[in-house]
Amino acid sequence: MPRRFSLAEAESLLPEIDALLREAVSLKSQYVEADQAIDSFAQHVAMQGGVVVDRAAVLQSRARRLRDELVAEELIETGHAEL
């Protein structure tokens, strides 16, 4: 159910919302960076036709991407809970 706010309530939430949005933008950037690293590596492997895979680097990129995704989801849920 939508919630309505008075002007004073809405204005008091602006700093909190601003911080949440800045964190979300930062997480999006980190997620995209990790995703691009994975895609670049996959393309490199495909172009080489048989390459020794640095499994640790791939797993690290995947873990970073998953962590950023989970933190972003938690951030969204926190924002909804506070409103």
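The values are calculated or read from the model by the stated rules, or taken from the named source; none is laboratory data. Here the structure is a predicted model, which means the values were calculated and not measured. Here the Cβ is made from the backbone with ideal geometry for all residues, glycine too, and neighbour counts use every protein chain on show.
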Note down all Cβ pairs under 8 Å where the first residue falls in the range 1-18 and is assigned to a helix (DSSP H, G or I), the second is modelled with pLDDT under 90, and they're at least six residues apart or on different chains.
LEU13/PHE5; LEU13/GLU82; LEU13/LEU83; GLU16/GLU82; ILE17/GLY79
Quick check, is ALA42 surrounded by fewer than 13 Cβ atoms within 10 Å (Cβ to Cβ) and at pLDDT 85 or above?
no
Condition check: closer than 27 Å to ASP68 by Cβ and either part of a helix (DSSP H, G or I) or modelled with pLDDT of 90 or more (or both). Does SER26 satisfy that?
yes
